[in-house]
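The values are calculated or read from the model by the stated rules, or taken from the named source; none is laboratory data. All values derive from a computational prediction rather than experimental measurement. Note that we place each Cβ from the backbone using ideal geometry, even for glycine, and neighbour counts take in every protein chain shown. Heavy atoms of the whole protein, side chains included, go into the accessibility calculation; ligands, DNA and RNA do not. Shrake-Rupley method; radii C 1.70, N 1.55, O 1.52, S 1.80 Å.
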Amino acid sequence: MYKINDNYLKLPGSYLFSTIGKKVAAYSAAHPDKTIIRLGIGDVTQPLAPAIISAMHKAVDEMGEAATFRGYAPDLGYEFLRSAIARGDYASRGADIQADEIFVSDGAKCDSGNIQEIFGLDNRIAVCDPVYPVYVDTNAMAGRTGEYDPKTQRWSNVIYMPCTAENGFAPELPQETPDLIYLCFPNNPTGSAITKEQLQAWVDYANRAGAVIIYDAAYEAYISEENVPHTIYECEGARTCAIELKSFSKNAGFTGVRLGYTVIPKDLKCGDVSLHSLWARRHGTKYNGAPYIIQRAGEAVYSKEGRQQLARQVETYMYNARTIREGLEAAGYKVYGGVNAPYIWLKTPGGMTSWEFFDYLLEQANVVGTPGSGFGPSGEGYFRLTAFGSYENSVEALKRIRKL
Ligand code: MLT
């Protein structure tokens with residue numbers, strides 16, 4: 001008789017955004033007359049920029065001609081895109097990352113879930129609390145996280161690094177030594193950022209401890225303050241301890257198009273074994289490359305027109321963020337984030353739990369957000385709103401919340 005991977009049975013509930021989706025669908029079915037504003041999942045709403053659309057059209061035409069048709073993409077990504085990324089995201093910031101250290105994929109969510117496969121099952125992970133659920137859930141599926149305690153909402157073999165208002169939502173170096181450290185800055189869900197000096201302290205720590213930092217920089221395009229690092233490779237020594245994950249979803253609106261990449265420097269080694277070669281082996285075996293049309297769209301992100309158009313999109317979302325943040329503050333809410341990230345993280349009012357506030361907002365204001373406790377126990381008592389909605393919806397949601 002076959003056996004299943006019973007690590008899946010240890011997972012609590014369903015994936016956070018599926019749970020929210022089901023709740024909202026049930027409410028909406030019962031109240032078809034209500035107009036619901038969705039500021040829950042961080043999904044973009046602006047259409048793809050013209051420079052990206054025209055690159056896609058051109059690539060579609062190429063696919064219709066025998067002379068320019070492309071079959072399987074190179075499994076690590078087309079050279080034109082890897083070079084554009086190396087120049088646009090790294091050389092431009094003085095970070096030493098070469099095109100052949102970049103692995104193109106169909107999105108950062110998959111990479112952030114898959115990257116754990118190249119590490120031993122006895123590695124111990126450290127995560128911020130609250131945290132993007134994919135990091136923990138995928139390690140749990142692999143059997144690396146021990147047992148789940150529903151009372152504390154913690155896994156026995158995970159090191160949690162609380163990020164709360166008291167520490168400015170910046171994790172402190174852990175007491176116990178982890179092997180893998182997941183960091184995401186600007187942060188999802190708290191919307192906070194850390195300075196280059198703070199990130200340098202993590203890089204130094206990882207090099208000392210022999211740990212690897214898995215650095216998720218999906219929200220880098222939203223950084224507005226000086227001295228906030230755009231990539232971990234701005235820090236000295238990061239080439240020997242860090243993997244970086246990057247998405248095209250949030251900076252270029254690719255949530256429905258799918259494109260991302262992972263950087264593994266060739267200097268990152270466990271003894272003699274290069275992690276770069278392990279990931280290349282994994283990629284080559286399990287993946288046939290992101291589609292040509294989408295990689296050409298990705299290349300257009302780095303063109304002059306693409307950059308200008310995307311800067312305006314980011315500005316629009318950040319204008320929503322400011323509007324929501326200032327509006328909630330004026331209404332007496334304690335609000336964080338929304339300065340270097342498209343997320344607003346607020347304290348739930350009147351001692352409500354995160355899920356109580358979720359229900360309250362859904363039922364009384366027909367506004368959907370994300371309960372902080374869904375991201376981890378230290379998220380309890382907090383709530384996340386995304387700035388990725390339209391301006392009109394952001395203003396309308398704010399109006400409804402203020403009315404409460
Ligand atoms: C979020 O809402 O946290 C993100 O959009 C989820 C994701 O990027 O997968």
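So here's what we get for this one:
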{"quantity": "Dipole in debye (nearest 20) - region 171-258, about Cα centre, beta carbon charges: Lys, Arg +1; Asp, Glu -1", "calculated": "380"}
{"quantity": "Peptide ranges 243-253, 272-282, 174-184 listed from the most packed, as the mean C-beta count within 10 angstrom indicates", "calculated": "243-253, 174-184, 272-282"}
{"quantity": "Isotropically averaged projected area of the chain, using the convex hull of Cα atoms (one quarter of hull area), nm²", "calculated": "22.1"}
{"quantity": "Estimated FRET transfer efficiency (TYR319, ALA66; beta-carbon r; R0 51 Å; 0.05)", "calculated": "0.60"}
{"quantity": "Alpha carbon centroid spacing (whole Å) that separates region 46-92 from region 208-242", "calculated": "26"}
{"quantity": "Rounded to 5, the percent of DSSP beta bridges in the chain classed as antiparallel", "calculated": "55"}
{"quantity": "Mean separation of Cα contacts under 8 Å (6+ apart) over length of the chain, as relative contact order %", "calculated": "23"}
{"quantity": "Farthest toward positive dipole pole in the chain [+1 Lys/Arg, -1 Asp/Glu at C-beta], among VAL368, ALA311, MET56", "calculated": "VAL368"}
{"quantity": "Cα gyration tensor, region 162-272 - rounded (a/c under 1.5), prolate or oblate", "calculated": "oblate"}
{"quantity": "Prolate/oblate/rounded call for region 23-76, Cα gyration tensor, a/c under 1.5 rounded", "calculated": "prolate"}
{"quantity": "Globularity index of region 34-144, i.e. its alpha-carbon radius of gyration over 2.2 N^0.38 Å", "calculated": "1.45"}
{"quantity": "Within the accessible area of region 45-184 (1.4 Å probe), percent carbon and sulfur", "calculated": "52"}
{"quantity": "Point-to-point label distance, ASP149-GLU226, nm (Cα→Cβ direction, 7 Å offset)", "calculated": "4.6"}
{"quantity": "Solvent-accessible heavy-atom area per residue, rounded to whole Å², over the chain at 1.4 Å", "calculated": "43"}
{"quantity": "Estimated FRET transfer efficiency (ALA91, ILE53; beta-carbon r; R0 30 Å; 0.05)", "calculated": "0.65"}
{"quantity": "Apportionment of accessible area to carbon and sulfur, region 265-379, percent (1.4 Å)", "calculated": "50"}
{"quantity": "Once the Cα gyration tensor of region 297-404 is diagonalised, semi-axes √(5λ) in Å", "calculated": "29, 15, 12"}
{"quantity": "Segments 74-82, 21-29 sorted - mean Cβ within 10 Å per residue, highest first", "calculated": "74-82, 21-29"}
{"quantity": "Rounded Å value of the spacing that divides the Cα centres of region 130-189 and region 306-372", "calculated": "23"}
{"quantity": "Gyration tensor (alpha-carbon) shape descriptor, region 1-53, a/c threshold 1.5", "calculated": "oblate"}
{"quantity": "Pairs from LYS109/LYS246; LYS109/LYS250; LYS22/LYS403; LYS34/LYS403 whose Cα-Cα separation, in the structure shown, is over 18 Å", "calculated": "LYS22/LYS403"}
{"quantity": "For region 87-220: relative contact order, % (alpha-carbon pairs under 8 angstrom, 6 or more apart)", "calculated": "21"}
